[in-house]
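Each remark here refers to the structure printed beneath this line.
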Amino acid sequence: MGYFTKSDFLTGNKCVKRMWEEKTVSGSPTYSGQFRIYQGKLITDESRKQFPEGVLVPLFSVDENIKETQQLLKKRVPLFEAGFQYKGFYARCDILVPHGENSWDLIEVKSSKNIKQYEKYKQKYLDDIDFQRFVLEGNGIPINSYSLMYLNKDYTPEREEPLFLIEEVSDYLPLYSEPEMKKFYDFFMMASSPDVPIGKHCEKECVSYESCWKGIPDGNVFELYWDSKRRSEQFYNSGIVLLSDIPDEAKLSAKQCIQVKAAREGLQLDIDNIQEFLNGLTYPLYYMDFETFSTAIPVFDTTKVYQKVPFQWSVHVDRGDQIEHMEFLEQSTNDPRYSFISKLRRVLGDKGSVIVYNAKFERGVLKELAEAFPEFSDWVESLEERYVDLLDVFRGFSFYHPAQRGSASLKYVYPVFDQSGYSELGIQEGEFASFTYLKEFHPESLGEKLASSIDVGVPDLLEYCKKDTEAMVVIIEGLRKLLYD
Ligand code: SF4
């Protein structure tokens with residue numbers, strides 16, 4: 001039996017069954033998982049450059065790492081990956097910096113970019129550091145401070161801004177006691193997998209997802225929309241599996257009520273709302289979609305950490321009598337942003353509805369482009385009154401079909417109107433499109449392993465982005481047919 005590690009502890013905090021199962025079987029990371037791991041590696045490399053006199057403790061084996069750490073502690077230099085064990089718990093610290101004569105400052109490096117994101121993951125981050133505190137205290141290592149080091153959202157390679165910010169969190173640690181820590185350890189050491197019911201905590205990446213969710217049919221209570229009160233778990237744990245079986249007297253939101261009705265009777269429509277939406281369209285209609293990529297370390301001198309860099313657009317133009325398709329894809333290593341916006345400006349002109357699916361995204365990208373290229377700012381501002389967000393129809397549940405499975409995303413809505421959906425495409429979702437683009441033009445941001453596992457390219461990118469705007473054309477036609485045929 002190996003050591004109980006920080007990642008076991010963090011997984012156990014979500015599900016002790018998953019923690020136990022992942023002792024022996026590790027899931028194969030998704031493309032997103034591999035990308036995150038590689039971005040993390042790049043950030044780790046950068047963080048170590050902040051401490052040029054630092055020494056990396058060898059990582060060949062846990063026991064060797066622990067032994068070498070004890071030797072290197074005596075040198076009183078910054079240490080990377082110093083490892084400690086206490087009663088079977090093993091922790092490795094990203095960075096330990098000597099403080100005064102005997103003490104150390106512990107720094108945990110995160111690839112998040114700002115406080116907002118930090119807030120979102122705060123508890124996880126604090127748990128992460130607290131695990132290290134527990135093991136270090138057990139070893140009698142005096143720690144002066146515990147800090148998070150994360151990316152500065154304002155950093156660009158051309159500015160004199162630091163890439164990292166450091167924030168001390170010593171006063172916010174949850175201070176798990178030994179019995180609390182031991183509770184997870186005991187689950188970890190069980191002879192067989194603990195019994196945990198499925199719930200909102202389950203993720204498709206979990207190694208046991210297939211077996212735990214086996215036999216759960218479509219139309220189940222976990223499809224409930226915006227289920228922040230975890231009603232689905234309450235229903236499931238009381239024996240109600242299907243949406244259609246939720247009792248009439250159950251307290252649900254208006255949208256969840258529509259879902260239950262749809263599960264029993266099929267498609268639900270709010271004719272007046274859909275009519276109002278369609279009446280608001282002004283010809284020519286421009287169906288527009290963007291693809292972007294975002295990396296922890298900016299690819300270009302003037303872009304920020306994790307900035308969404310647009311590299312491709314697709315526009316279908318409906319002039320009333322014919323539909324035309326236009327597209328842009330930067331096929332070079334150059335910064336695509338200026339060509340992107342200047343060519344789009346020519347295509348969209350100055351009048352007609354600009355139909356997008358989730359306007360917040362396209363609007364945000366164009367606003368950022370207007371900041372970078374102020375000559376477009378008036379035009380970008382003028383688009384505000386031209387945007388029509390098709391997502392509103394589905395997010396507002398003016399249209400809801402059980403096949404959407406509680407989602408208003410285009411990837412769930414489009415197949416309701418055209419069964420072929422995205423299934424025949426080499427690229428089926430936006431994040432994979434961004435990985436494909438990076439593989440083609442900036443593979444250094446993707447890592448060799450991930451880049452070599454992607455076997456689609458430029459033609460697939462063109463097909464995918466085109467499909468997104470084509471899907472919107474099909475949906476609007478479908479809505480018209482429902483109302484007027
Ligand atoms: S699928 Fe859910 S319940 Fe099953 S092990 Fe994974 S997280 Fe736990």
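Report the Rg/Rh value for region 215-266, based on alpha-carbon coordinates and the Kirkwood definition of Rh. Could the numbers behind the result be given before it?
On the way: Rg = 9.8 Å, Rh = 10.9 Å.
Across region 215-266, the Cα-based Rg/Rh ratio is 0.91.
For region 215-266, the dipole from Cβ point charges (+1 on Lys and Arg, -1 on Asp and Glu) about the Cα centre works out to 200 debye, to the nearest 20. Across region 4-188 the C-alpha pair distances fall into 5 Å bins from zero in the proportions 1, 7, 15, 19, 21, 18, 11, 5, 1, 0, 0 percent. A Förster radius of 45 Å combined with the Cβ-Cβ distance from ASP378 to LYS49 puts the calculated FRET efficiency at roughly 0.60. Note on GLU368, GLU249: ascending count of other Cβ atoms within 10 Å places them as GLU249, GLU368, the fewest first.
Measuring between alpha carbons in the structure, the pairs from LYS23/LYS467; LYS204/LYS481; LYS110/LYS360 lying more than 32 angstrom apart are LYS23/LYS467; LYS204/LYS481. Charged side chains reduced to their Cβ positions (Lys and Arg at +1, Asp and Glu at -1) give the chain a dipole of some 1080 debye around its Cα centre.
Between 0 and 90 degrees, the angle of helix 254-265 with respect to the longest Cα principal axis of the chain falls at about 70 degrees.
With an 8 Å Cα cut-off and a minimum separation of 6 or more residues, compute the relative contact order for region 1-113 in percent. Display every interim value, and only then the final one.
Working: 121 pairs, mean separation 24.3, N = 113.
Dividing the mean separation by the residue count of region 1-113 yields 22 percent.
Exposure proxy for GLU53, GLU158, GLU327: other Cβ atoms within 10 Å of each Cβ, ordered fewest to most, give GLU53, GLU158, GLU327. Ordering GLU330, GLU385 from the fewest to the most neighbouring beta carbons within 10 Å gives GLU385, GLU330.
Calculate, in whole percent, how much of the Cα-Cα pair population of region 273-484 lies beyond 33 Å. Of all Cα-Cα distances in region 273-484, 15 percent exceed 33 Å.
Computed over all pairs of different Cα atoms, the Kirkwood value for the hydrodynamic radius of region 335-438 is 15.8 Å.
What number does the chain give for Rg over Rh if you use C-alpha atoms and the Kirkwood radius?
Values: Rg = 26.0 Å, Rh = 25.8 Å.
Answer for the chain: 1.01.
Per residue of the chain, the DSSP helices (runs of n ≥ 4 H) give a summed -39500 (n - 2.57) that works out to -13000 deg cm²/dmol at 222 nm.
The numbers here are math on the coordinates, done by the rules we state, and not lab data. Fair warning: this is a prediction, and the values are worked out from it, not measured in the lab. We place every Cβ from the backbone using ideal geometry, glycine too, and count neighbours over all the protein chains shown.
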